[in-house]
1. Which is farthest toward the positive dipole end of the range 47-158 among I154, A110, V98, measuring Cα position about the Cα centre, with Cβ charges +1 (Lys, Arg) and -1 (Asp, Glu)?
2. Using the 10 angstrom Cβ neighbour count as an exposure proxy, how do I7, I154 rank, fewest first?
3. Given +1 on the Cβ of Lys and Arg, -1 on the Cβ of Asp and Glu, and no further charges, what dipole in debye does the range 2-182 carry about its Cα centre, rounded to the nearest 20?
4. Could you put F54, F81 in order, starting from the residue whose Cβ has the fewest other Cβ atoms within 10 Å?
5. Ordered by residue, what ³J(HN,Hα) values in Hz, to whole numbers, does the range 71-79 give under the Karplus form 6.51 cos²θ - 1.76 cosθ + 1.60, where θ = phi - 60° and Gly and Pro are x?
6. State the Cα centre-to-centre distance between the range 107-158 and the range 1-43 in whole Å.
7. Near A146, within a Cβ-to-Cβ distance under 10 Å, what is the net charge of the other residues, with Lys and Arg +1 and Asp and Glu -1?
8. How large is ³J(HN,Hα) for each residue in the range 83-88, as worked out from phi by the Karplus curve 6.51 cos²θ - 1.76 cosθ + 1.60 (θ = phi - 60°), to whole Hz, x for Gly and Pro?
Amino acid sequence: MKNEVLIAGFGGQGILLMGRLLAEAAMKDGYHATWFPSYGPEMRGGTANCTTIFSDEEIGSPIAACYDIVIAMNQPSLERFGPKVRPGGHLLVNSSMVPIKCERRDIQCAYVPAVTIAGQMAQERVANVVMLGSLLGICPAPILSAYEEAIRSIIGVKKPELVKINLDALAAGRAAVEEQLCAPV
């Protein structure tokens with residue numbers, strides 16, 4: 001099993017943290033993992049993306065030309081990286097910031113209003129973890145407890161007061177995707 005995941009959005013949306021949390025969760029679940037960040041010189045508002053690959057075998061390269069899963073946090077990211085999802089793959093879109101829908105029929109798309117969900121939790125800054133939870137809703141690996149451990153070990157070290165809200169955001173994102181997958185067509 002190998003999953004190549006690309007996460008993209010604006011700087012300041014927590015894109016690199018999402019990829020790092022995913023890589024850490026994968027390692028805690030016993031997978032090999034790579035995390036390859038890419039960002040512009042701006043601290044906020046510029047582009048940011050990262051590739052996280054996890055596999056039960058060694059990983060030959062930290063980059064990929066096509067992806068099993070793309071998480072698009074904004075419209076420019078959807079337009080740029082949506083076409084790079086492999087047929088049969090998944091596209092997860094932050095529908096709070098992306099008003100358009102993907103027209104591809106060879107992939108599964110899920111639209112998660114991450115900013116809205118995070119706002120209902122009184123902390124819009126956790127929209128990135130809501131989207132990470134949506135990944136958990138479509139991909140059974142890494143397991144939930146590995147994500148929880150990753151949040152505690154990465155976020156909890158610097159800001160222990162934010163661990164609970166991030167765990168809640170993870171659960172909310174997972175629930176949002178599971179509702180879409182179970183909804184009648």
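Values in this text are rule-based calculations from the coordinates and carry no lab data. Everything numeric here is computed off the predicted structure, so don't read it as measured data. Cβ sites come from the backbone with ideal geometry, for glycine too, and all protein chains shown count toward neighbours.
1. V98
2. Taking fewest neighbouring Cβ atoms as first place, the list is I154, I7.
3. For the range 2-182, the charge dipole is close to 380 debye.
4. Fewest to most other Cβ atoms nearby, the residues stand as F81, F54.
5. The phi angles translate into 10, 10, 8, 8, 5, x, 5, 4, 5 Hz.
6. 12
7. -3
8. x, 8, 7, 4, x, x
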